[in-house]
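The structure appears below as structure tokens.
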Amino acid sequence: MSVLDKVLSLRPGNTVARVGASSRVPLLNPREPLRALERLPVALACLPVQSKAALPGLLRAARSEDAVLGLACPHPTADRGAAERFIAAVHEAAAEAEHARPLFLQAGPIRVTGSDEDSLAPLREGLFRVVDAGFTLVSLDLSRLDSYAAVEAVNALVSPVTERELALELSAPTPASGGLIDAYRTLLEGLSQWKVPLRFVRVSERDLGGAEPDVGTLRSIVDLAADYNASVCVGDVREGFPRMLPTYVAAGAKKVDCVGPFERLALTSWPPEVRESLESKSAASGVAAGELLSVVEDSLPPLDPQARERLEALSFAEAAEVLAALGAAGTGHSVMRFLAQNQGE
């Protein structure tokens, strides 16, 4: 049995059910590459797919740099078909390119706005759809809740994720008087009492201070998360891109979500009238224009070939820079070999 065949046997059941057992694309739970990279100064890169036209360039960068890659669908519950269309587009692009490096697919961050049943019921339905679509990591944004409401909401929501042993990521609840670290501590302690397995604690670049982050706070969150067998993701990296990426790795982050230039690249690929409409809707809704593009792209006229090629080329260049800055370049084959040799662990 080849290395790839052995790694394919590690794919989650929900992903195999979606793409078919005959697929040769290694779509994995991010827990698997983390096992291989645990002791190395490397962070997994997760990039938002604001436009599906960027996918060939992002995947080509992972092959060129020999790296694991995560791809995020910012709004997988936007409508009933959003999650399925995203998975289909990624799988089609990866299969066409015969992509043989580990990939993981992130849903969200999905915003949780309340802990009452009226708020949770549609979210719970959405999470079932996301899991059935084939995502291997679900990220929940708890920033609109206090720590106690966040624990209650997570416990009520995550059975579709945990029952299938998929990866769960949670961002911080609203900090109370004790600050950000206490908010995480209360959340983690509450979840441990309910035995909710957590793969990533997500802290945003903004919460760390933006372009000049508080590295001491990040290290404290890394240490706290480790006490609960979780790793830290630095999310929504914009201002510190790409200068701060090695600093996040040195501080112990094991996953970094880079918005960086990818939102701008996607938006500028579309005609001015489309951009202006998205920016107007963004100002009215408070949702980033790039995220809105990811929601409505399928209803827009297709990009012309020249714009598509430009987006693919620029996405390749920026993604390659991310992978190198996070120490991930050159690790893809070693991750594959490790997983093939340690399938049962």
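The values are calculated or read from the model by the stated rules, or taken from the named source; none is laboratory data. Treat the numbers as computed from the prediction; the structure is a model and nothing was measured. Methodologically, a virtual Cβ is constructed for each residue, glycine included, from the backbone with ideal geometry; neighbour enumeration extends over all protein chains shown. Surface accessibility is based on the protein's heavy atoms, side chains included, excluding ligands, DNA and RNA. Shrake-Rupley method; radii C 1.70, N 1.55, O 1.52, S 1.80 Å.
Using the per-residue mean of other Cβ atoms lying within 10 Å as a proxy for protection, in what order, highest first, do the peptides 77-83, 202-208 fall?
Put in order of decreasing packing, that is 202-208, 77-83.
If each Cα of region 174-247 is one equal point scatterer, what is log10 of I(q)/I(0) from the Debye formula at q = 0.12 Å⁻¹?
-0.33
Find out how many positive minus negative residues lie around Gly216, taking Lys and Arg as positive, Asp and Glu as negative, among other residues whose Cβ is under 14 Å from that of Gly216.
Every neighbour counted, the sum reads -3.
When the accessible area of the chain is computed with all protein chains present and a 1.4 Å probe, what percentage of it is carbon and sulfur?
Its accessible area is 50 percent carbon and sulfur atoms.
With each label point set 7 Å from Cα along the Cα-Cβ vector, what nm distance links Arg337 and Glu117?
5.6 nm
Output needed: percent of Cα pairs per 10 Å distance bin for region 231-276, bins running from 0 to the one holding the longest distance.
26, 40, 21, 12, 1
State which helices in the chain qualify, where a helix is a whole DSSP H run, it must extend 18 Å or more along its own axis by its Cα atoms, and its mean Kyte-Doolittle hydropathy must be at least -1.0.
Qualifying helices: 82-96, 117-133, 180-193, 272-285, 305-325.
Starting with the highest mean, order 307-317, 251-261, 162-172 by the number of other Cβ atoms within 10 Å, averaged over the residues of each peptide.
The most tightly packed comes first, giving 251-261, 162-172, 307-317.
Return one whole number: the accessible area per residue of the chain in Å², for a 1.4 Å probe.
Ligands and nucleic acids excluded, the figure is 41 Å² per residue.
Once a ≥ b ≥ c are taken as the square roots of the eigenvalues of the Cα gyration tensor of the chain, is the result rounded (a/c under 1.5), prolate (a/b larger than b/c) or oblate (a/b not larger than b/c)?
rounded
For Glu189 and Arg264 in one chain, what is 0.36 nm times their gap in residues minus the Cα-Cα distance, to one decimal in nm?
Once the chain is fully extended between Glu189 and Arg264, it gains 23.1 nm.
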